[in-house]
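Chemist: What follows is a single structure, and I will ask about it in a moment.
The values are calculated or read from the model by the stated rules, or taken from the named source; none is laboratory data. On a predicted model such as this, the values are computed, not experimentally measured, just so you know. Every residue, glycine as well, gets a Cβ built from its backbone with ideal geometry; the counts of neighbours run over all protein chains shown. Remember, those area values only see protein heavy atoms, side chains included, never the ligands or the DNA or RNA. Shrake-Rupley method; radii C 1.70, N 1.55, O 1.52, S 1.80 Å.
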Amino acid sequence: MPATPTTDPLQRERDHLASSRAALRAMREDVESLDIRDVTGTWVTALVLQNQIEARIAALADLSHTPLFFGRLDYLHAISEELSEGSGGESFYIGRRHVHDADGDPMVIDWRAPVSQPFYRASRTEPMDVERRRRFGYTGGELTAYEDEHLSDPAEGDTTSALLAAEIEKPRVGPMRDIVATIQPEQDEIVRSDITGTICVQGAPGTGKTAVGLHRVAYLLYAHRERLARTGTLVIGPNNAFLSYIEQVLPALGELDVAQATVQQLVGHVEVRGEDDPEAARLKGDARMAEVLRRAVRSGITLPAEPCVVVRGSRRWRVPVYELVQIIEELKGREVRYGAARDALPQRIAHTVLLKMEQGGEAPDDRVQDAVARNSAVKAVVKECWPAVDPAKLVLRLLSEPEFLAECAEGVLTPEEQRAVLWPKPGRSVKTARWTAADAVLVDEANDLVQRTPSLGHVVLDEAQDLSPMQYRAVGRRCTTGSATVLGDLAQGTTPWATASWPEALRHLGKPEAHIEELTKGFRVPEEVIAYASRLLPAIAPGLAPASSVREAPGSLTIRHIADGETTEAVLAACREALEHEGSTGLIAADARIPQLAEALTAAGLPHLSPGTETSAQARLTLVPASLAKGLEYDYVVLDEPAAVIAGEPDERTGLRRLYVALTRAVSGLTVLHGEPLPEQLR
């Protein structure tokens, strides 16, 4: 006998979840059963197809603790083409990926599809033809609750979604997760921005700017998959710990082919083994260095003093000096890449020779021109007048030879600035030189001046406020023909060269036309915590609007003064107290305090992790140097000695910004421990 349909709404939804999981399993099995032996012509074709199949299988994985759908939309009217307008409304389950049954009918709609958009945008004032929006609650992977909003019912008043709040406040154990179930209208607008435009998001702590950027990548891959599969996408983060923290977000949304890197990894032409003082690093990151490098790259170009004589058979063809000068001056004036111009020079000389051959009664073809371009006399002119440039060797010379730097930096850098950027000890070779992070960016700039850097289709740049102008240029080179999503918070700029304004940063990036959005409504940091941290804003980012939070959590902020000699014990006690709660705990301290605290935690039997290491039920405490806290979040944070965090930076403003970052990492509770006086803004 057929099963009797249940009248319990929750059970019906559970049944649909079970059916959807079965359908997804069938979709995966269909792909796994594909036999490509009879459809591949060559081993290359077979390898490509096999890789595509394996990627498809991975994308169809059913993650047991990740719900297949998190919402449902009941429309007032039919919107499917195969249904008539008078056939009534339709219902769609909204989830992280598309799932269809054996007949091809959708059981779950991808959150990125146009039909899903009202789940994020519809409201009582603009219901978008939605009669009911249903949200689902899960415990583990099991559907345990639902709640409805009847958007077209004027009798139903506005209510706060308890399931939405619970999802936002869910304890943070493990890496960063997606926010696809909780995207807000202002976030959704950014996520679905068109691929042709670059967008910059100024986001206060807790506003979800990182998640918004990652979800925009997922959306663009859905809407423009073929284009981005051809051109590529890249997520750039501030450090490897941050990249480890976010690396599971896109795979959870079914996107497996997005590369991740730090800026330093992008410009890894040389091995970084040294460190600049703050002033040298600031100057090397100044946009004026681009002009210095341009001059350095072109410094070897000279004009010929003798004609070029090409011998072919019994005849000699002479290109006079003035014609050679015209060719070289014309190439210099075109401002093409140095290497491209060098490749073009022998062809231009050869073309001039061919014209003379034609005037002499010969009929040369393209093969003759190529042969002339390879002639030893032509090669000698190119070598003398437009010598090859090795970018790393060029920068090595620039930073080692005061005379060469002075020649290239005349009128650009002052003599004092030139002395500041010179290496204290000249490097002997590219391999043995003590390159710094800022030097590597200069090599990347020189490399691009010689040969164009390939462009990607879309680049996400997170924590962008910490980049120097030269670093912006390095990132911009990776998206010259593509678009970008720039994410950051001016108040969290903690480098001596931190950007002062987004328009200035976007100009260095090569995207001056980018649209700037500001997110000030926080969903992660409790109001009590963000209000306390925002007291620092007038000192660290005057004019920046303070953030507000939709979450009030009385008791989420604790400030404790610790007596002399009791700091370590107080830290251990605060960590134990935080670990009594569910979720993750982060102990944030000045970098110089980390070894001492690590030893104390070990001695006290408190297992702890390093930033970027995935937390687990057995190890939920992470010891975080203040310099690596940016972009990370923990349910509970214990902040050790704010004065030490400030003192660990080269100046007070940078120190206060570092403190602002540390204060805004908590999702549920923050405990601040101090023996020394707090900064006056927080007293």
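Chemist: Using the structure shown, decide if Lys356 is surrounded by 13 or more Cβ atoms within 10 Å (Cβ to Cβ) and touching a helix residue (DSSP H, G or I) at 6+ places or on another chain (Cβ under 8 Å).
Modeler: Values: surrounded by 13 or more Cβ atoms within 10 Å (Cβ to Cβ): yes; touching a helix residue (DSSP H, G or I) at 6+ places or on another chain (Cβ under 8 Å): no.
Here the answer is no, as Lys356 does not meet what is asked.
Chemist: Out of the residues in the range 72-94 meeting the condition of being out of contact with any Gly (no Cβ under 8 Å at 6 or more places or on another chain) and under 24 Å from Glu167 (Cβ atoms), tell me which one is modelled with the lowest pLDDT. If you could, list the steps in order and put the result at the bottom.
Modeler: Within the range 72-94, the subset out of contact with any Gly (no Cβ under 8 Å at 6 or more places or on another chain) is 72-73, 79-92.
Pick out the ones that are also under 24 Å from Glu167 (Cβ atoms) and you get 72-73, 91-92.
Working: Arg72: 96, Leu73: 96, Ser91: 93, Phe92: 96.
Checking each candidate, the answer is Ser91.
Chemist: Identify, please: which residue in the range 506-527 is of a type in the set (D, E, K, R) and assigned to a loop (DSSP other than H, G, I, E, B) and is, among those, most open to solvent (accessible area, probe 1.4 Å)? Walk me through how you get there before you give the answer.
Modeler: Filtering the range 506-527 for residues of a type in the set (D, E, K, R) gives 507, 511, 513, 517-518, 521, 524, 527.
Then drop every residue that is not assigned to a loop (DSSP other than H, G, I, E, B), which leaves 511, 513, 524.
Numbers: Lys511: 15, Glu513: 126, Arg524: 25 Å².
Checked the range 506-527; the qualifying residue most open to solvent (accessible area, probe 1.4 Å) is Glu513.
Chemist: Where residues in the range 598-614 are of a type in the set (A, V, I, L, M), closer than 19 Å to Ala626 by Cα and in contact with a helix residue (DSSP H, G or I) (Cβ under 9 Å, 6 or more places away or on another chain), which of them is surrounded by the most Cβ atoms within 10 Å (Cβ to Cβ)? Please lay out each step first, then the result.
Modeler: Step one: filter the range 598-614 for residues of a type in the set (A, V, I, L, M), giving 598, 600-601, 603-604, 606, 609.
Going one step further and asking which of them are closer than 19 Å to Ala626 by Cα, we end up with 598, 600-601, 609.
Now narrow it down to the ones that are in contact with a helix residue (DSSP H, G or I) (Cβ under 9 Å, 6 or more places away or on another chain): 600-601.
Values: Ala600: 17, Leu601: 19.
Among those that are of a type in the set (A, V, I, L, M), closer than 19 Å to Ala626 by Cα and in contact with a helix residue (DSSP H, G or I) (Cβ under 9 Å, 6 or more places away or on another chain), it is Leu601.
The rows are residues; the columns are (1) assigned to a loop (DSSP other than H, G, I, E, B); (2) more than 30 Å from Gly268 (Cβ to Cβ); (3) open to solvent by 20 Å² or more (accessible area, probe 1.4 Å).
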residue: Asp370; (1), (2), (3): no, yes, yes
residue: Ala377; (1), (2), (3): no, yes, yes
residue: Ala406; (1), (2), (3): no, no, yes
residue: Lys425; (1), (2), (3): yes, no, yes
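Chemist: For residues in the range 329-353 being of a type in the set (D, E, K, R) and either assigned to a helix (DSSP H, G or I) or touching a residue at least 12 places away in the same chain (Cβ under 8 Å) (or both), which is most open to solvent (accessible area, probe 1.4 Å)?
Modeler: Initial filter on the range 329-353 (of a type in the set (D, E, K, R)): 329-330, 332, 334-335, 337, 342-343, 348.
The next check asks that each one be either assigned to a helix (DSSP H, G or I) or touching a residue at least 12 places away in the same chain (Cβ under 8 Å) (or both); those that pass are 329-330, 332, 337, 342-343, 348.
Details: Glu329: 81, Glu330: 71, Lys332: 69, Arg337: 59, Arg342: 67, Asp343: 109, Arg348: 82 Å².
By that ranking, first place goes to Asp343.
Chemist: Identify, please: which residue in the range 7-22 is within 20 Å of Glu147 (Cβ to Cβ) and free of Cβ contacts under 8 Å to residues at least 60 places away in the same chain and is, among those, nearest to the chain's Cα centre (by Cα)?
Modeler: My answer is Asp15.
Chemist: May I pose another question? Any chance the range 38-49 includes a residue that's assigned to a helix (DSSP H, G or I), modelled with pLDDT of 70 or more and surrounded by 14 or more Cβ atoms within 10 Å (Cβ to Cβ)?
Modeler: Looking only at the range 38-49, we keep the residues that are assigned to a helix (DSSP H, G or I), and these are 43-49.
Keeping just the survivors that are modelled with pLDDT of 70 or more gives 45-49.
Among the residues that remain, those that are also surrounded by 14 or more Cβ atoms within 10 Å (Cβ to Cβ) are: 46, 49.
Yes; the residues of the range 38-49 include at least one that is assigned to a helix (DSSP H, G or I), modelled with pLDDT of 70 or more and surrounded by 14 or more Cβ atoms within 10 Å (Cβ to Cβ).
Chemist: Check Pro387, Pro391, Pro454, Pro415 and return the single one that is in contact (Cβ under 8 Å) with a residue 60 or more places away in the chain and surrounded by fewer than 14 Cβ atoms within 10 Å (Cβ to Cβ).
Modeler: Numbers: Pro391 fails: surrounded by fewer than 14 Cβ atoms within 10 Å (Cβ to Cβ); Pro454 fails: in contact (Cβ under 8 Å) with a residue 60 or more places away in the chain; Pro415 fails: in contact (Cβ under 8 Å) with a residue 60 or more places away in the chain.
Result of the check over Pro387, Pro391, Pro454, Pro415: Pro387.
Chemist: Of the conditions (1) under 28 Å from the mean Cα position of the chain (by Cα); (2) open to solvent by less than 10 Å² (accessible area, probe 1.4 Å); (3) within 23 Å of Pro238 (Cα to Cα), Pro642 clears all except one; give me its number.
Modeler: Condition (1) is where Pro642 drops out.
Chemist: Kindly establish whether Val249 is open to solvent by less than 30 Å² (accessible area, probe 1.4 Å) and aliphatic (A, V, I, L, M).
Modeler: yes
Chemist: Out of the range 53-71, which residues are aliphatic (A, V, I, L, M), within 22 Å of Leu10 (Cα to Cα) and at pLDDT below 85?
Modeler: First, the residues of the range 53-71 that are aliphatic (A, V, I, L, M): 53, 55, 57-61, 63, 68.
Now narrow it down to the ones that are within 22 Å of Leu10 (Cα to Cα): 63, 68.
Of everything in the range 53-71, just one residue is aliphatic (A, V, I, L, M), within 22 Å of Leu10 (Cα to Cα) and at pLDDT below 85, namely Leu63.
Chemist: Please enumerate the residues belonging to the range 295-328 that are open to solvent by 70 Å² or more (accessible area, probe 1.4 Å) and part of a loop (DSSP other than H, G, I, E, B). Explain how you work it out, then say what you get.
Modeler: At the first step, the residues of the range 295-328 found to be open to solvent by 70 Å² or more (accessible area, probe 1.4 Å) are 295, 303, 305-306, 311-316, 318, 322, 326.
Passing the criteria: Leu303, Ala305, Glu306, Gly313, Ser314.
Chemist: Residues of the range 225-246 being closer than 23 Å to Ile183 by Cβ and buried (at least 17 other Cβ atoms within 10 Å of the Cβ), which ones? Spell out the reasoning first.
Modeler: Taking the range 225-246 first, the residues closer than 23 Å to Ile183 by Cβ are 225, 228, 233-237, 242-243, 245-246.
Leu228, Thr233, Leu234, Val235, Ile236, Gly237, Phe242, Leu243, Tyr245, Ile246 - these are the residues of the range 225-246 that are closer than 23 Å to Ile183 by Cβ and buried (at least 17 other Cβ atoms within 10 Å of the Cβ).
Chemist: Hey, another quick one. Can you tell me which residue within the range 137-162, out of those that are touching a helix residue (DSSP H, G or I) at 6+ places or on another chain (Cβ under 7 Å) and hydrophobic (A, V, I, L, M, F, W, C), is most open to solvent (accessible area, probe 1.4 Å)?
Modeler: That would be Ala145.
Chemist: Follow-up question, since we're still on this one. Given Val272, Val267, Val292, Val297, which one is closer than 30 Å to Ala438 by Cβ and in contact with an Asp or Glu (Cβ under 6 Å, 6 or more places away or on another chain)? Don't jump to the end; show me each part of the working.
Modeler: Values: Val272 fails: in contact with an Asp or Glu (Cβ under 6 Å, 6 or more places away or on another chain); Val292 fails: in contact with an Asp or Glu (Cβ under 6 Å, 6 or more places away or on another chain); Val297 fails: in contact with an Asp or Glu (Cβ under 6 Å, 6 or more places away or on another chain).
Only one candidate qualifies: Val267.
Chemist: Still on this structure, I have one more. Tell me which residues, restricted to the range 645-677, are of a type in the set (Lys, Arg) and buried (at least 22 other Cβ atoms within 10 Å of the Cβ).
Modeler: The initial filter retains those residues of the range 645-677 that are of a type in the set (Lys, Arg), namely 653, 657-658, 665.
Listed by number, the residues that qualify are Arg657, Arg658, Arg665.
Chemist: So, in the range 464-484, of the ones that are touching a Gly at 6+ places or on another chain (Cβ under 7 Å) and open to solvent by 10 Å² or more (accessible area, probe 1.4 Å), which residue ends up farthest from Ala498 (Cα to Cα)? Steps first, please.
Modeler: Here is the first cut: in the range 464-484, the residues touching a Gly at 6+ places or on another chain (Cβ under 7 Å) are 464-466, 468-471, 476, 480, 482-483.
Now restrict to residues that are open to solvent by 10 Å² or more (accessible area, probe 1.4 Å): 466, 469, 471, 480, 482.
Working: Asp466: 5, Pro469: 9, Gln471: 11, Thr480: 23, Gly482: 25 Å.
In this case the residue turns out to be Gly482.
Chemist: If you check Pro106, Pro185, which single one turns out to be open to solvent by 40 Å² or more (accessible area, probe 1.4 Å) and within 30 Å of Tyr472 (Cα to Cα)?
Modeler: Details: Pro106 fails: within 30 Å of Tyr472 (Cα to Cα).
The unique qualifying residue is Pro185.
Chemist: Could you check, for the range 29-37, whether at least one of its residues is of a type in the set (Ser, Thr, Tyr), open to solvent by less than 80 Å² (accessible area, probe 1.4 Å) and either modelled with pLDDT under 75 or part of a loop (DSSP other than H, G, I, E, B) (or both)?
Modeler: Just the residues of the range 29-37 that are of a type in the set (Ser, Thr, Tyr), to begin with: 33.
Subset that is open to solvent by less than 80 Å² (accessible area, probe 1.4 Å): none.
No, the range 29-37 contains no residue that is of a type in the set (Ser, Thr, Tyr), open to solvent by less than 80 Å² (accessible area, probe 1.4 Å) and either modelled with pLDDT under 75 or part of a loop (DSSP other than H, G, I, E, B) (or both).
Chemist: Could you list, in sequence order, the residues of the range 555-570 that are modelled with pLDDT under 90 and in contact with a Pro (Cβ under 9 Å, 6 or more places away or on another chain)?
Modeler: Correct list: empty.
Chemist: For the range 491-503, which positions are touching a residue at least 24 places away in the same chain (Cβ under 8 Å), open to solvent by 30 Å² or more (accessible area, probe 1.4 Å) and more than 25 Å from Leu456 (Cβ to Cβ)?
Modeler: The answer is Pro496, and nothing else.
Chemist: For the range 270-293, name all the residues that are under 13 Å from Ala409 (Cα atoms) and either open to solvent by less than 20 Å² (accessible area, probe 1.4 Å) or touching a Phe, Trp or Tyr at 6+ places or on another chain (Cβ under 9 Å) (or both). Please lay out each step first, then the result.
Modeler: Quick first cut of the range 270-293, residues under 13 Å from Ala409 (Cα atoms) only: 283-284, 286-293.
The answer is Leu283, Lys284, Asp286, Ala287, Met289, Ala290, Val292, Leu293.
Chemist: Another one. Quick one: Lys425 ticks every box in (1) touching a His at 6+ places or on another chain (Cβ under 9 Å); (2) over 20 Å from Asp286 (Cα atoms) except a single one, so which number is it?
Modeler: Only one criterion in (1) touching a His at 6+ places or on another chain (Cβ under 9 Å); (2) over 20 Å from Asp286 (Cα atoms) is unmet by Lys425, namely (1).
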